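A quick write-up on the structure given underneath.
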Amino acid sequence: MGVVRNFIDILGITPENELPREILGQIIRNSEAEKILVEDNVDIKNIYQIVIKVDIKSNRVIETPLNKLVVIDVLKQIKILYYDKDDRVGVLELKSPYNFFIDIEDKKDEIESIRIYIADAYFQLISKKELYSNIVYIIDVHYYGGKKNTSLDLNGQNCGNNKENYQYKDYITLVNSNETEEKYFNEPVNELVALSDSLSTVNTSFEEKETKEESELIDIDSEYL
């Protein structure tokens, strides 16, 4: 089982012990919120599992008068396992682009590798045709030579070494951070359902707690009426 958020089992979130612990260049924190429109022929009653996978596809270096920008293109894939109105299991797979940029203030600094982590993900079914999504990314940028930024400045100044005639396309390594996400995303539906067997118990306990809290609030309100 992955991380349970809003009663949904989410696979693909990076465990906390696998997040970067030191800054070897700079660390960028970014979040993406969006509303996902569900296809007309898909009728979602309840979502019980979501699998997230991100693939870094390409990069572009932009030399500006003041600094250097590296634009990263990412493909985000989301697999949604749900129950329809007849309580049958359905699967919906979505693909969408995601882009971010790295601002390098010292133009002499050089990037060796980029890793992207999914720190958190939250989903909520607003209606049968609309899904709210918020994903928090941590982007770990290593400067060439792996020199540590001892000041822990998230802008990563003065962390790399200088190299003549440096070409980004030859040296940047784009790395997907979570190897388990590939496994989970390619699992057949019956295996993913098996992974969620324990989730029904978790959801039931949450629902019971929520119902109990609501009844207690009603009782309190009644006392003041």
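Taken together, the values in this text are just the output of simple stated rules run on the coordinates, not laboratory data. On a predicted model such as this, the values are computed, not experimentally measured, just so you know. Here the Cβ is made from the backbone with ideal geometry for all residues, glycine too, and neighbour counts use every protein chain on show.
D by Stokes-Einstein for the stretch 1-43, Kirkwood Rh over Cα pairs, 37 °C, 0.692 mPa s: 232 µm²/s.
The stretch 22-71: D in µm²/s via Stokes-Einstein (Kirkwood Rh, Cα pairs, 4 °C, 1.567 mPa s)? Can you show the working numbers first?
Numbers: Rh = 16.1 Å.
Result for D is 80 µm²/s.
Note on the stretch 1-148: Cα-Cα pairs beyond 24 Å make up 41% of the total pair count.
For the stretch 60-133, the share of alpha carbon pairs falling in successive 10 Å distance bins from zero is 13, 34, 22, 17, 10, 3, 0 percent. Evaluated with a Cβ-only charge set (Lys, Arg +1; Asp, Glu -1), the stretch 1-149 carries a dipole of roughly 40 debye about its Cα centre, given to the nearest 20. Put simply, the C-alpha atoms of the stretch 1-87 give a gyration tensor, and the ellipsoid matching it has half-axes of 34, 19, 10 Å, longest first.
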